[in-house]
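We did not get these values from a lab; they are worked out from the coordinates using the rules stated. It should be emphasised that the depicted structure is a prediction, and the values quoted were computed from it without experimental measurement. With ideal geometry, Cβ positions are generated from the backbone for all residues, glycine too; neighbour counts draw on all protein chains shown.
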């Protein structure tokens, strides 16, 4: 298939690229939120399994399970927020003038 000619400069060709949806500062904030939330989910799930495998089901065990579950859900929600901030979109970009057109 022949490459699409750029309508802005009439010189370059449009190529498909993946770029971040947000600015670089927002993407940095997204990674700052995303990485600890992944670790928090892993820690929360491991804690839930560890507490559940322990002996009797008393009040302290149930409280620890509740806290671990809340921790995991909070990490999951913040992970979704971080993922939204670091998502990429597909665009067509000119290799000559760097004009950007939304790819559909």
So what is the relative contact order of the chain, in percent, for Cα pairs below 8 Å that sit 6 or more residues apart?
44 percent
In a Gaussian network model of the chain with springs linking alpha carbons closer than 10 Å, the residue among 63, 81, 43 that fluctuates most is 63
Acute angle (nearest 10 degrees) that the helix 24-53 long axis makes with the longest principal axis of the chain, alpha-carbon atoms:
30 degrees
Can you compute the FRET efficiency between residue 83 and residue 61 using 1/(1 + (r/R0)^6), with r the Cβ-Cβ distance and R0 = 30 Å? Round to the nearest 0.05.
0.40
Compute the label zone of residue 20 within region 35-78: residues whose backbone N is under 15 Å from the point 7 Å along Cα-to-Cβ.
35
Mind checking the angle between helix 59-85 and the chain's longest principal axis? C-alpha axes, 0 to 90 degrees, to the nearest 10.
0 degrees
